[in-house]
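The values are calculated or read from the model by the stated rules, or taken from the named source; none is laboratory data. Treat the numbers as computed from the prediction; the structure is a model and nothing was measured. As a convention, Cβ positions derive from the backbone with ideal geometry for all residues, glycine included, and neighbour counts pool all protein chains shown.
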């Protein structure tokens, strides 16, 4: 019977053999893509912190202090950049951004600079190179640098990754008599066994995290099936955004990015666990490579190991 076979000797079952092949070839096909998402996603957990770090330093906001008039700011900018034409001149500040922005242009060269609204001191670029890098990193992670079309394909590949994770948990199941031994790392073993244990242990304990990232990535890239499903099962008179399905999708987005406010320990946890898919790819490739080498003739392996004369 299928149930008894799956419980006792899953290695002989067609489901496991098929899942292994699907898991293997999907992993090899999109592995580098997953590494990119893993590394960039972990970094972008701290996107707000990186933006603040790279941003041009702002002065303290002083609510009752008089700021420069547009004429005064124009005169300062013209002295600092003679020959440039001013195309935009800021005249308002806020507590969040207490600066005045000036755009200048000359012979096709454009500058966007920030000035202290109280003293006229030039502060630096409106958007620094570091901020541009963070934005590039976000675009790479979100839409593969291809805007809306890239976001769609990112969603499709996330769906494929979800299949990878689901087949992985099927392949992990070692049988009812050995499953407890597959939950921990073994001590005093060779590097091949250590690599195998690491792949299996991380895959089991962090399966739900990876499944969540796969499903949420699919939703963020291709939201229509999820939104249509929520519409189909929801009360038509309920307010958008307050329906149970809307709340679930909102939490799915929040869990995906892990930018937890006022909880640095949880944010750090998300950033570290976010690297697991990259580790899974590396350990998986090592396992696959070992299988390939073992299939080669012994003589061929020995000759390959000998140094060139």
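Scanning region 55-77 for residues that are buried (at least 16 other Cβ atoms within 10 Å of the Cβ), in contact (Cβ under 8 Å) with a residue 40 or more places away in the chain and outside any loop (DSSP other than H, G, I, E, B) turns up 73, 76.
Quick check on region 120-166: of everything there that is at positive phi and touching a helix residue (DSSP H, G or I) at 6+ places or on another chain (Cβ under 9 Å), which residue is modelled with the lowest pLDDT? Restricting to residues being at positive phi and touching a helix residue (DSSP H, G or I) at 6+ places or on another chain (Cβ under 9 Å), the top hit is 147. I'd like to check something: does region 183-194 contain any residue that is within 22 Å of the chain's Cα centre (by Cα) and within 23 Å of residue 272 (Cα to Cα)? There is no residue in region 183-194 that is within 22 Å of the chain's Cα centre (by Cα) and within 23 Å of residue 272 (Cα to Cα). With respect to the numbered conditions (1) outside any loop (DSSP other than H, G, I, E, B); (2) in contact with a helix residue (DSSP H, G or I) (Cβ under 8 Å, 6 or more places away or on another chain); (3) modelled with pLDDT under 95, which one is the sole condition not fulfilled by residue 51? If we test residue 51 against (1) outside any loop (DSSP other than H, G, I, E, B); (2) in contact with a helix residue (DSSP H, G or I) (Cβ under 8 Å, 6 or more places away or on another chain); (3) modelled with pLDDT under 95, just (3) comes out false. In this structure, residue 302 qualifies as modelled with pLDDT under 95, part of a helix (DSSP H, G or I) and out of contact with any helix residue (DSSP H, G or I) (no Cβ under 6 Å at 6 or more places or on another chain).
Okay, residues lined up against (1) in contact (Cβ under 8 Å) with a residue 40 or more places away in the chain; (2) more than 23 Å from residue 165 (Cα to Cα); (3) part of a loop (DSSP other than H, G, I, E, B):
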residue	(1), (2), (3)
195	yes, no, no
201	no, no, no
211	yes, no, no
217	yes, no, no
235	no, yes, yes
251	no, no, no
254	no, no, no
271	yes, no, no
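The condition of being out of contact with any helix residue (DSSP H, G or I) (no Cβ under 9 Å at 6 or more places or on another chain), modelled with pLDDT under 95, more than 25 Å from residue 129 (Cβ to Cβ) and outside the structural domain of residue 278 (by TED's automatic domain parsing) does not hold for residue 96.
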